[in-house]
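Values quoted throughout were computed directly from the atomic coordinates according to the rules given, and no laboratory measurement underlies them. What you see is a predicted model; the values in this text were computed from it and never measured. Cβ placement follows ideal geometry from the backbone for every residue including glycine, while neighbour counts extend to all protein chains displayed.
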Amino acid sequence: MAWPWPIHATNASCACGENHWAFTPTLTTMEWPPRDALEYWLLANENAMRQSAAMPGQFLLVRFEELCSAPFEQVSRIFSFLQLDLPLERLHQLAALIKTPTTWNRHTQHDWRNDFSQTQLERLRAFDYIPETSA
């Protein structure tokens, strides 16, 4: 069954298109230089946002950090968007499956001022992701 609603999770590496699911490689299992990993993330998410512009009302953006920090609210939001009515108990069960990965905040392990280009940082800011400004 093809879902008529695209879903894009900004860091979960999952996008649903018209007639297919596309799963991208998980950056957490690959050893990419930080600049390359960010470039991959930027390209994937810029593409998703371009596609969303052609589908007003049919695209739901789910931020990974929001999914991890408020799983019940985000799971409820996803199923509401899909117009699927699940019992409250099932929503709680699904939300309980979401765990914050051990790679959470891995960007803090890098010198982002030197690892990323200024162009990449500007593109990142377009997604409202601004690295910490402290040294």
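Beyond 23 Å, how much of the Cα-Cα pair distribution for the range 44-135 remains, as a whole percent?
Above the 23 Å cut-off, the range 44-135 has 43 percent of its Cα pairs.
Which length gain, in nm to one decimal place, applies between residue 102 and residue 90 when the Cα-Cα distance is subtracted from 0.36 nm times their residue separation?
Details: separation 12, 0.36 × 12 = 4.32 nm, distance 2.57 nm.
Value of the extension gain: 1.7 nm.
Could you check the simple spin-label distance between residue 113 and residue 63, using points 7 Å along Cα→Cβ, in nm with one decimal?
Result for the modelled spin labels: 2.4 nm.
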